[in-house]
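Inspection log for the structure reproduced underneath, given as structure tokens.
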Amino acid sequence: EDKVVQSPLSLVVHEGDTVTLNCSYEVTNFRSLLWYKQEKKAPTFLFMLTSSGIEKKSGRLSSILDKKELSSILNITATQTGDSAIYLCAVGYNNNDMRFGAGTRLTVKP
Amino acid sequence: NAGVTQTPKFQVLKTGQSMTLQCAQDMNHEYMSWYRQDPGMGLRLIHYSVGAGITDQGEVPNGYNVSRSTTEDFPLRLLSAAPSQTSVYFCASSPYGQAPHYGYTFGSGTRLTVV
């Protein structure tokens, strides 16, 4: 069965800490892995990783895809309270299939 | 630039009632989809469409119908509401019809409670 597993489920850190969020997957015909940030309402797109683009960086956030290990990490350095959110990992596979993980709830304390 | 607009934002239904959740996008996106989000289970795909006149089932389609008569609109119908359909519903769109793997634009969600 196709699945996407995120860990940890929740994480509490203090401002300035560095965090690493994990996403592993088992799907057929992998196409892409995407990270989203969900604050109060709708998820917003962060990164997309594919076989031809396995590392992305934007400011304090970066993500790496490990196709051999079927996993990805999302790193956030120098965390701020505004980084508090649920981080969702989604994997695109086959033609139109997309499966989300359950998410990691990150809380950044002042 | 409205993006993806969902209505209503909140709804309470009685068991057995029917209703339609509305979704409209103004970005000329080919791909549109409906997800439900439940605690601890992430987002699960209900139905999707790769273009006007084309729809298909996702992971949890039972109890829901969709249609796509125009590129802009993708309504989700609950046929006979059940408490198990209590959830937050998101509509999402993507520019590419055959490969929604480039990132979705999500609507702001509809919180549905079935009593």
Go through (1) in a strand (DSSP E or B); (2) closer than 23 Å to A:Ile86 by Cβ; (3) more than 14 Å from every other protein chain (Cβ to nearest Cβ) for B:Asn65 and report which single condition fails. (2)
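Please work out if B:Thr20 is out of contact with any Leu (no Cβ under 8 Å at 6 or more places or on another chain), part of a strand (DSSP E or B) and more than 11 Å from chain A (Cβ to nearest Cβ).
Numbers: out of contact with any Leu (no Cβ under 8 Å at 6 or more places or on another chain): no; part of a strand (DSSP E or B): yes; more than 11 Å from chain A (Cβ to nearest Cβ): yes.
The answer is no for B:Thr20.
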Could you pull out the residue among A:Val4, A:Val12 that is assigned to a strand (DSSP E or B), surrounded by fewer than 17 Cβ atoms within 10 Å (Cβ to Cβ) and either in contact with a Cys (Cβ under 8 Å, 6 or more places away or on another chain) or hydrophobic (A, V, I, L, M, F, W, C) (or both)? A:Val12
Scanning segment A:55-75 residue by residue, those under 15 Å from A:Ala90 (Cα atoms) and assigned to a loop (DSSP other than H, G, I, E, B) turn out to be A:Lys67, A:Leu70
Identify all residues within segment B:33-62 that are touching a Gly at 6+ places or on another chain (Cβ under 9 Å) and either of a type in the set (Val, Ile, Thr) or more than 11 Å from every other protein chain (Cβ to nearest Cβ) (or both); write none if there are none. B:Trp34, B:Ile46, B:His47, B:Val50, B:Gly51, B:Ile54
Selected residue (only one of A:Phe100, A:Phe47 is buried (at least 20 other Cβ atoms within 10 Å of the Cβ), of a type outside the set (A, V, I, L, M) and without any contact (Cβ under 8 Å) to a residue 60 or more places away in the chain): A:Phe47
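Residues checked against (1) more than 25 Å from B:Asp56 (Cα to Cα); (2) modelled with pLDDT of 95 or more:
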position	(1), (2)
A:Ser32	no, no
A:Lys40	yes, no
A:Leu49	yes, no
A:Glu55	yes, no
A:Leu61	yes, yes
A:Asp66	yes, no
A:Ser72	yes, yes
A:Ala85	yes, yes
A:Tyr93	no, no
Pairs, first touching a residue at least 24 places away in the same chain (Cβ under 8 Å) and over 16 Å from A:Thr18 (Cβ atoms) in segment A:79-96, second of a type in the set (Val, Ile, Thr) and not in a strand (DSSP E or B), C-beta under 7 Å, six or more apart: A:Val91/A:Val27; A:Tyr93/A:Val27; A:Tyr93/A:Thr28; A:Asn94/A:Thr28
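The values are calculated or read from the model by the stated rules, or taken from the named source; none is laboratory data. Quick caveat: nothing in here was measured; it's all calculated off a predicted structure. Neighbour counts run over all protein chains shown; Cβ positions are idealised from the backbone, glycine included.
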